Amino acid sequence: MTAQGLQRLEEELRHLKTFERPGIIRAIAEARGHGDLSENAEYHAARERQSFIEGRIAELEEIIAAAEVIDTSRLSGEQIKFGAVVQLLDEETEKECTYQIVGAHEADIKEGRLSISSPLAKALIGKRPGDSVSVPAPGGDRTYEILSVRYQ
């Protein structure tokens with residue numbers, strides 16, 4: 001995991017513990033005040049939300065405890081490896097895109113963070129600028145040319 005990814009997870013955990021957990025406790029207490037719990041939809045919804053929040057807190061604590069942080073700023077070279085920021089050209093559409101290869105728990109394709117376990121990242125690992133990679137996709141194989149590799 002990258003240091004930025006760990007920081008994002010720690011911020012999410014802090015938010016859940018500081019704001020979400022106390023808020024849901026208040027919502028449960030308020031719903032209890034409405035009377036019969038067996039037919040109280042607000043109470044059941046609040047309990048369900050509490051279950052989700054507690055599950056996510058436990059999951060984040062486990063991920064953070066087991067995280068192995070890799071300082072990507074110390075990495076260099078032309079070869080693609082974990083932490084690389086890769087600029088690609090889709091050879092079919094001629095569209096350029098940029099991704100950073102990150103850990104599975106910090107991946108967010110909309111933000112340009114590609115999971116190390118994704119088919120595209122697996123195809124890119126070990127390659128260099130100028131190489132082409134072919135990746136299976138639902139609509140057929142996609143081919144990308146690697147334009148540049150950098151580490152930040």
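What follows is calculated from the coordinates using simple rules that are stated; it is not laboratory data. All figures in this text were calculated on a predicted structure; none of them were measured in a lab. Ideal geometry is used to build each Cβ from the backbone, glycine not excepted, and the neighbour counts take in all protein chains shown.
Using Cα centres only, tell me the gap between region 73-152 and region 5-27 in whole Å. A separation of 32 Å, based on Cα centres. Here Lys122 is the anchor, and the lysines within straight C-alpha reach of less than 16 Å, apart from those fewer than 8 places off in the same chain, are Lys81.
For region 53-152, what class follows from the C-alpha gyration tensor (a ≥ b ≥ c being the square roots of its eigenvalues): rounded when a/c is under 1.5, otherwise prolate if a/b is larger than b/c, else oblate? It comes out oblate by the Cα gyration axes. Distance between the pseudo-spin-label points of Glu39 and Asp141 (7 Å out from Cα toward the beta carbon): 6.4 nm.
Each DSSP beta bridge with both residues in the chain is either parallel or antiparallel, and the antiparallel ones are about 80%. Each of Glu12 and Glu62 was given a label point 7 Å from its Cα along the Cα-to-Cβ line. The distance between the two points is 1.4 nm.
Protection proxy ranking, highest mean first, for peptides 98-105, 77-84, 61-68, 124-131: 98-105, 77-84, 124-131, 61-68, where packing is the per-residue count of other beta-carbon atoms within 10 Å, averaged.
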